[in-house]
Amino acid sequence: MAYGFVMDVPAPIEFYDALHAEIARLTTGGVEGLLVHVGRATRDGFQVTEIWTSKEQCDRFNQEIVGPALARLSGGQPPPEQPAMQEFEPRGLIVPAAHVVV
């Protein structure tokens, strides 16, 4: 079953840019199971929306890649405020150029 989430992060968009660059450096290619990733600036920070082929793949990626990237960028300090996250089960995802239909 596909898995998705929307996360609102109360941090500057520049932090997103740095984290995105660090994750790209660590992965050096595709990310298994990730179907869609969109980041955007918001009034209070930034928002990330992702859709994965499974929650397990998302959790593994967060543990193996995102966690270490966050620790490196933050000097190991926990975030001052936890992001608000809403999980959902995607319905009707179509990415024609990637030949993805969920």
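The values are calculated or read from the model by the stated rules, or taken from the named source; none is laboratory data. Note that this is a predicted model, so its numbers are computed, not measured. Here the Cβ is made from the backbone with ideal geometry for all residues, glycine too, and neighbour counts use every protein chain on show. Surface accessibility is based on the protein's heavy atoms, side chains included, excluding ligands, DNA and RNA. Shrake-Rupley method; radii C 1.70, N 1.55, O 1.52, S 1.80 Å.
Out of everything in the range 52-68 that is open to solvent by 50 Å² or more (accessible area, probe 1.4 Å) and part of a helix (DSSP H, G or I), what residue ends up being farthest from Phe88 (Cα to Cα)?
Filtering the range 52-68 for residues open to solvent by 50 Å² or more (accessible area, probe 1.4 Å) gives 53, 55-56, 59-60, 62-64, 68.
Among the residues that remain, those that are also part of a helix (DSSP H, G or I) are: 55-56, 59-60, 62-64, 68.
Numbers: Lys55: 10, Glu56: 14, Asp59: 14, Arg60: 18, Asn62: 17, Gln63: 20, Glu64: 22, Pro68: 25 Å.
Taking the candidates together, the pick is Pro68.
Screening the candidates Val38, Val31 for the property of being open to solvent by less than 60 Å² (accessible area, probe 1.4 Å) and either without any contact (Cβ under 8 Å) to a residue 12 or more places away in the chain or within 13 Å of the chain's Cα centre (by Cα) (or both) yields one hit, Val31.
Total residues in the range 69-88 satisfying the condition of being over 19 Å from Gly39 (Cα atoms), under 17 Å from the mean Cα position of the chain (by Cα) and open to solvent by 60 Å² or more (accessible area, probe 1.4 Å): the figure is 1.
Every test in (1) assigned to a strand (DSSP E or B); (2) touching an Asp or Glu at 6+ places or on another chain (Cβ under 8 Å) is passed by Leu73 save one, and that test is (1).
Just the residues that are open to solvent by less than 90 Å² (accessible area, probe 1.4 Å) and not acidic (Asp, Glu), please, taken from the range 89-102. Residues satisfying the conditions are Pro90, Gly92, Leu93, Val95, Ala98, Val100, Val102.
Just one of the listed residues (Glu81, Glu87) is modelled with pLDDT of 90 or more and not in a helix (DSSP H, G or I), namely Glu87.
Restricted to the range 1-27, and to residues there that are open to solvent by less than 70 Å² (accessible area, probe 1.4 Å) and in a loop (DSSP other than H, G, I, E, B), the residue that is farthest from Gln47 (Cα to Cα) is Ala2.
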